[in-house]
Every structure is written in C-alpha cells, then in structure tokens.
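Have a look at the structure below before the remarks.
Nothing in this text is a laboratory measurement; each read-out follows from the coordinates by a stated rule. Bear in mind the structure is a predicted one, so any value in this text is a computation, not a measurement. So basically every Cβ, Gly included, is an ideal-geometry build from the backbone, and we count neighbours across all protein chains shown.
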Amino acid sequence: MDVRDRIKELRRVPAGELIPNPKNWRVHPEAQQDGLRAMLERVGYADAVIARETDAGLMLIDGHLRAEITPDAIVPVLVTDLTEAEADEVLATLDPLAALAEPDVGQLVKLLGGIEEPDASIQALLEDIGDSYGFNATTLLEQETQAEYLEPDEWLLKHEGDTSMDHLKALVLHFDEERYGQVMEMAFTIGEARNLDTLPDVVYDALEFVLRGGSASGPNVATDATD
C-alpha cells in the first residue's frame with residue numbers, strides 16, 4: 001500500500017496561538033480535563049497536536065484539550081499539508097478509529113500496577129480508567145505495590161511456626177502469561193457482578209456456582225457481564 005506522508009514539519013509554537021477548529025465535535029467532560037491536566041503536570045508533553053496551515057494561522061485537527069488547558073505553553077505541533085476537506089476526514093475519524101481497538105484488560109492491569117506513587121489526581125484518573133474497563137484500579141494498585149510474590153515453598157517457610165496461619169490453606173495455581181491475563185479479567189468481571197472483594201472469594205463462588213449446575217443464588221455472571 002502506497003501511503004503518503006502528510007507531515008510537513010514538527011514545529012513548536014505557543015498553544016494560545018493555535019486556532020480551535022470550528023468543526024471540532026469532541027466535548028471534554030471535567031473528569032477528562034482533570035485527568036489530562038494531571039498527566040501533563042506529572043509527565044509533560046509526550047505527543048504532538050496536529051494542525052494544518054490556513055491564512056489565519058495554524059488550525060487544530062487534534063489536540064484541542066491539550067492546547068486549551070496549557071495556553072501559555074510552547075507545544076509540539078505536527079504541521080500537515082492537508083486540505084480543509086482532508087482535515088475534516090481526519091477530524092471525523094481519528095478518535096473513533098482509536099476507540100475501535102479492543103482492550104487487553106490483563107495487560108492494562110499490568111501497566112497500571114507499574115505506576116509508581118500516584119498522587120491524588122492521578123489516583124482519580126486511574127479510578128476513572130478502571131470504571132471504564134470494569135475493574136477496581138485502586139485495589140489493583142494496592143495489590144501490586146504492597147503484595148510480595150513468593151514461590152510456594154518460600155511462602156510456607158515465611159509463615160513456618162506462625163500459629164495464626166494454622167487455619168489457612170494455600171492454593172497455588174500456575175498459568176502461562178496469556179491465560180493468567182484471561183483468568184484475572186474473568187475474576188474481576190465475576191467480582192464486580194457478584195459483589196466479591198477478594199480473589200479467593202471469587203474462586204470459591206465460581207466453583208460453588210458450577211457445582212450447583214449454575215443455580216447458585218445471585219446474578220448469573222455469564223449473562224450480567226455481557227448485558
């Protein structure tokens with residue numbers, strides 16, 4: 001496929017000089033504004049806005065919110081040679097095309113778990129992301145940062161002689177990386193649907209549900225998760 005490069009140059013200009021596109025159809029709710037502002041303060045600009053040349057100056061195609069909340073910043077701009085009609089096509093399809101990607105929730109969980117020392121604003125952003133994809137990001141972060149992974153024999157040695165652990169039993173399950181992500185995704189779905197807070201509760205509830213032929217009390221997870 002012969003693909004044209006429509007980027008003329010990368011130019012750094014004051015965000016306040018960029019012209020908002022009057023055809024921009026995207027509305028940015030307060031939560032998105034707060035989340036983007038938090039990420040810009042924490043990381044900075046790691047992506048360029050997109051614009052085209054007009055007689056009045058550079059008109060935005062993508063990046064309206066970034067330019068709006070940092071009007072005094074010098075921002076990176078990908079300057080294109082798109083016509084107005086071509087710019088309209090990009091404006092209409094860029095975000096919807098990105099939204100068509102299917103999430104790998106297990107991989108997202110790993111990414112969120114690797115975020116170090118999130119402050120309150122980043123924490124709120126992660127919670128919004130978790131809500132969007134059906135899992136509790138706060139709990140995930142606590143588990144990832146506070147939990148310590150040990151091989152089964154090391155775990156047993158660590159608690160050897162601890163009488164308070166005598167009533168507990170450990171069930172160790174091993175999965176390859178792909179299957180582990182699938183299991184965790186299903187576990188979070190079941191937990192949300194059946195109001196369960198811990199992985200042991202989810203496993204026990206799922207096994208009990210199967211043993212009862214799918215007639216256990218409570219919602220039908222297979223149905224609720226897809227409704």
Cβ under 13 Å from ALA92's Cβ, ALA92 left aside: what net charge do those residues give with Lys, Arg +1 and Asp, Glu -1? -4
How long is the gain from ASP34 to LEU94 if the chain were fully straight, where each residue apart is worth 0.36 nm and the alpha carbon distance is subtracted? 19.4 nm
